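Student: Let me begin by handing over the structure; questions about it come next.
The values are calculated or read from the model by the stated rules, or taken from the named source; none is laboratory data. The shown structure was predicted, so the numbers you read here are calculated from the model rather than taken from an experiment. A quick note on method: Cβ atoms are made from the backbone with ideal geometry, for glycine too, and the neighbour counts reach across all protein chains shown.
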Amino acid sequence: MCGAAGAPNTIDDGFPLPLAGGAGGGPVTRKVPVFPTLLVAAAVAAMLALGVWQLRRAEWKADLLARYGQAQAMSAEVPWPRSRAEAERNLFRWSGFACERVLEIRTTAADNAEGRGGVAQIARCALAEGGEGEVALGWSLPARPFAWTGGEVRGVVGPGGTFGAVLHAGTPAPGLEPLAPPDPADVPNNHLAYAGQWFFFALTALVIYLLALRRRWRGAALP
């Protein structure tokens, strides 16, 4: 609201923002609230930083997927991964382990090598050298009974499981059919979409705040 003649228009305590178009053609000063402005600026900066981080993650994931594609052509075996970090490095490489004892057999929806829908028979094993591992032994129809007592298994390391890896058996267990092999193309790379979301959130927050300031200034200018 206008004060004495010639005094600038102000809104609460804050820093002045000179604007053109005051009475008599002179400038009008609007004060921007300090704390809300700093809060919004910090939020926008954080969202922009997250967007940039997701862009870097997208580059990293693209390089990782390219390495996975190369791994499919490698015949040398790697040790069975014991952590998520090891699993991530060794996905789509050949590996194996000795299943000392079968702890559990579960099923999950999967296709066979011909693209037919069914289930994968997955065994969780206690390993001879300690620890656990999971192996997808093959494909079957959902209602088909299956039993397996363990032993040596060899195959390709695929994503999934407790530590981010499931061994896809190169030779299916007796009574099962081959599963569709794990494919690097099935590994998602959504980081570009996430980056776009963070940049959109930052822009939206900034626009909303500027509109709120404009509305507040207009309200204060009313007699």
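Student: Residues in the range 119-144 that are part of a strand (DSSP E or B) and without any contact (Cβ under 8 Å) to a residue 40 or more places away in the chain: how many? Reasoning before the result, please.
Tutor: The first filter runs over the range 119-144 and keeps only residues part of a strand (DSSP E or B), leaving 119-127, 132-140.
Still in the list and also without any contact (Cβ under 8 Å) to a residue 40 or more places away in the chain: 119, 123-126, 132, 134-135, 137, 140.
Counting residues in the range 119-144 that are part of a strand (DSSP E or B) and without any contact (Cβ under 8 Å) to a residue 40 or more places away in the chain gives 10.
Student: Can you find a residue in the range 162-180 that is surrounded by 18 or more Cβ atoms within 10 Å (Cβ to Cβ), aliphatic (A, V, I, L, M), modelled with pLDDT under 95 and touching a helix residue (DSSP H, G or I) at 6+ places or on another chain (Cβ under 6 Å)?
Tutor: Taking every residue of the range 162-180 in turn, at least one turns out to be surrounded by 18 or more Cβ atoms within 10 Å (Cβ to Cβ), aliphatic (A, V, I, L, M), modelled with pLDDT under 95 and touching a helix residue (DSSP H, G or I) at 6+ places or on another chain (Cβ under 6 Å).
Student: Here is a further query. So which residues in the range 150-165 are aliphatic (A, V, I, L, M) and in contact (Cβ under 8 Å) with a residue 60 or more places away in the chain?
Tutor: VAL156, VAL157, ALA165
Student: Return the residue satisfying two criteria in turn: it lies in the range 143-161 and is in contact with a strand residue (DSSP E or B) (Cβ under 6 Å, 6 or more places away or on another chain) and at pLDDT below 90, and of such residues it is surrounded by the fewest Cβ atoms within 10 Å (Cβ to Cβ).
Tutor: GLY160
Student: Select from the range 172-223 the residues that are in contact (Cβ under 8 Å) with a residue 60 or more places away in the chain and outside any helix (DSSP H, G or I) and list them in ascending order.
Tutor: Selection gives GLU177, PRO178, LEU179, ALA180, PRO181, PRO182, VAL187, ASN189, LEU222, PRO223.
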